[in-house]
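Each reported figure results from applying straightforward, stated rules to the coordinates on display, with no laboratory input. Note that the structure is predicted; figures quoted are calculated from it, not measured. In this analysis, Cβ positions are derived from the backbone assuming ideal geometry, glycine residues included, and neighbour counts consider all displayed protein chains.
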Amino acid sequence: MTYLLDTNIFSDLMREHPKLDNHLANLSITDRVIICSIVRGEILYGISRLPVSRRRQELSLKASKLFAILPCESIPETAGDFYADIKINRQLKGLALDENDLWIASTALALGTVLVTRDRDFHQINTLVVENWTE
């Protein structure tokens with residue numbers, strides 16, 4: 001199975017969340033854990049917004065180490081098809097979703113991965129398989 005980490009889970013990984021670390025330790029050798037370029041961008045943006053400080057330096061180092069370990073997938077062309085479908089369906093229901101979250105969900109669907117997130121809004125997207133490894 002392939003798992004795509006959402007930004008909040010990547011952040012939890014940087015904070016060494018015990019339940020997340022335990023879940024990762026129990027994955028099968030054939031399982032794959034990845035991020036996508038949207039998640040990478042959100043993490044780098046969040047760190048860049050911090051004032052120059054020891055904390056920023058530590059977070060930057062933690063992120064760099066994780067970026068070196070976790071493969072970062074590009075957004076596949078077919079994600080655009082999922083994006084359009086998800087966005088119009090949510091608009092018809094009067095539901096909003098952050099643009100980056102739309103692209104992350106679309107990427108997970110296009111790649112056929114499980115999306116690992118704490119964000120409950122993703123549960124409202126039909127056919128998207130979502131797991132929360134921090135509970």
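The residues neighbouring Asp98, those whose beta-carbon lies less than 15 Å from its own, together hold a net charge of -2 under the Lys/Arg +1, Asp/Glu -1 convention. Looking at the chain, the DSSP beta bridges with both ends there are about 0 percent antiparallel. Here's how it looks for Thr2: its modeled amide H is under 5 Å from those of Arg32, Val114, which are all 5 or more places away or on a different chain.
Quick check: net charge around Thr113, other residues with Cβ under 12 Å of its Cβ, Lys/Arg +1 and Asp/Glu -1? Before the final figure, lay out the partial values.
On the way: positive: Arg32; negative: Asp6, Asp31, Glu73, Glu131.
Combined, the nearby Lys, Arg, Asp and Glu give -3.
Springs join every pair of Cα atoms under 10 Å in this Gaussian network model of the chain, and among Ser74, Ser60, Ser28 the largest mean-square fluctuation is at Ser28. Computed from backbone phi with θ = phi - 60° and the Karplus coefficients 6.51, -1.76 and 1.60, the 3J(HN,Hα) list for region 21-36 is 4, 5, 5, 4, 5, 9, 6, 5, 5, 8, 6, 10, 10, 9, 10, 10 Hz; x is used for glycine and proline.
Under a Cβ-only charge scheme (Lys and Arg +1, Asp and Glu -1), can you give me the dipole magnitude of region 2-131 about the Cα centre, in debye to the nearest 20?
Working: 15 positive and 17 negative charges, 112 e Å.
So the magnitude is around 540 debye.
Taking amide H positions as modeled 1.01 Å from N, with prolines and chain starts lacking one, the residues under 5 Å from Glu73 and 5 or more places away or on another chain are Ile35, Cys36, Ser37. All Cα-Cα distances of region 2-131, cut into 10 Å bins from zero to the largest, leave 12, 42, 32, 13, 1 percent in each bin in turn. In order along region 71-80, the Karplus-derived 3J(HN,Hα) couplings, from 6.51 cos²θ - 1.76 cosθ + 1.60 at θ = phi - 60°, round to x, 10, 8, 6, 6, x, 3, 5, 4, x Hz, and Gly and Pro are given as x. Residues in region 93-106 carry Karplus couplings, in order, of 8, x, 9, 9, 8, 3, 4, 5, 5, 4, 5, 5, 4, 4 Hz; the curve used is 6.51 cos²θ - 1.76 cosθ + 1.60 with θ = phi - 60°, and Gly or Pro positions show x. Protection proxy ranking of 102-112, 16-26, 79-89, 48-58, by the mean of other Cβ atoms within 10 Å over each peptide's residues and highest first, is 102-112, 79-89, 16-26, 48-58.
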